[in-house]
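Right, one structure below, let's go through it.
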Amino acid sequence: MKKYWHVINIGLQNVLVYRVNFLFRSVFGLIPLMATIYLWRAIYAEKGADEQVAGYTLASMTSYYLIVTFVDMLTAVTEDDWQIAADIKDGNINQFLLKPIDYLLYRLSLFSAGRIIYTLVALTPVVLFSFHQRDYFVLPSHAATWGWLALSIVLTALLQFFMSFTMALLAFWVLEVSTFIFILFAFEYIAGGHLFPLDILPPALTEILNFTPFPYQLFFPVSIYLGRITGPALWHGLIIQASWVVILYLLARAVWSRGIRRYTAVGG
């Protein structure tokens, strides 16, 4: 494992170069968040702040989007899928075929390094914005919620990485994977709960989505924080989330194995 810790260390040093870019990205990312929060405030202004929409008060709805921002900051895949596809297209994976290093673990190490630096840089503006919204910020009612939230966030990060890694491996078969990546991003954004809480949808549709990996990329950990998923439903959700992590890990391994068989390295 020492070599992967070394990769993380190198990744931290490389990503630090982009710390100003991360800062501006996080600051400008607060603009659509602010617009969404004020949109919901306008909706609740007609109903009253204590009224509920699909079980959400104005405070819990505001907290939902703030926690989505935190979870997304910790788990989102940014440039990793594009870099993986570029490594395959440009032949940069040749070096990994001749060395005792696992490409999946190598990319996972770089992904972890990127998330660490991005979180440290983006934490200040996000915390300041959340403090500004403190009157509408709901804290968990039980201390144990933090532990379950941490576990779910780790699974969320792995889920997002394995899904993006597998999608990027399509570069073994097609020259341009951007269309597939954008389609996946659209599904993640809508069916993952980034745009709106999924439980405001019809119950039948929400139930169907719960058996796909997308709600476990954002909606599920945020619901744990808000206390909307507890007891048996929490265990059931964590088992499904962990199962999807295992399934996508095995799928990533299988696609890599099939892809590398048809990969041709040219040049010295």
> Cα gyration tensor of the stretch 210-268, axes a ≥ b ≥ c as square roots of the eigenvalues: rounded (a/c below 1.5), prolate (a/b > b/c) or oblate?
Replying inline: prolate
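Any idea what the alpha-carbon Rg over 2.2 N^0.38 Å comes to for the stretch 2-262? Each step should come with its number before you reach the end.
Details: Rg = 19.4 Å, N = 261, 2.2 N^0.38 = 18.2 Å.
Here the Cα radius of gyration is 1.06 times the empirical estimate.
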>> Taking the 0 to 90 degree range and rounding to the nearest ten, how far is the long axis of helix 178-191 tilted relative to the main principal axis of the chain, both from C-alpha atoms?
In response: 20
> So, in Å, what gap is there between the alpha-carbon centers of the stretch 114-155 and the stretch 1-47?
Replying inline: 12
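Quote to one decimal, in nm, the extra length available between Trp146 and Ala59 on full extension: 0.36 nm per residue of separation minus the C-alpha distance between them.
Working: separation 87, 0.36 × 87 = 31.32 nm, distance 1.91 nm.
Length gained between Trp146 and Ala59: 29.4 nm.
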> In what sequence do Lys89, Lys2, Lys99 fall when counting other Cβ within 10 Å, fewest first?
Replying inline: Lys2, Lys99, Lys89
> Counting only the backbone N, which residues of the stretch 110-129 are under 16 Å from the spot 7 Å out from the Cα of Leu16 toward its beta-carbon?
Replying inline: 113-122
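Among Glu207, Glu46, what is the fewest-to-most ranking by other Cβ atoms within 10 Å?
Numbers: Glu207 10, Glu46 7.
In order of increasing Cβ crowding within 10 Å: Glu46, Glu207.
Would you mind ranking Trp5, Trp146, Trp244 so that the residue whose beta carbon has the fewest other beta carbons within 10 Å leads the list? Walk me through the numbers on the way to the answer.
Working: Trp5 10, Trp146 13, Trp244 22.
With the fewest neighbours first, Trp5, Trp146, Trp244 line up as Trp5, Trp146, Trp244.
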> For the Cα atoms of the chain, what angle does the longest principal axis make with the long axis of helix 144-168, in degrees from 0 to 90, nearest 10?
Replying inline: 40
>> What is the angle, in °, between the Cα long axis of helix 103-132 and the longest principal axis of the Cα atoms in the chain? Nearest 10 is fine, range 0 to 90.
In response: 30
> Given Thr69, Thr230, Ile117, which one lies farthest toward the positive end of the charge dipole of the stretch 2-262, if we put +1 on the Cβ of every Lys and Arg and -1 on the Cβ of every Asp and Glu?
Replying inline: Ile117
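Laboratory data are not the source of any read-out in this text; all were calculated from the coordinates shown. For clarity, every value in this text was computed on a predicted model and none was experimentally measured. Every residue, glycine among them, receives a Cβ derived from its backbone with ideal geometry; neighbour counts consider all protein chains shown.
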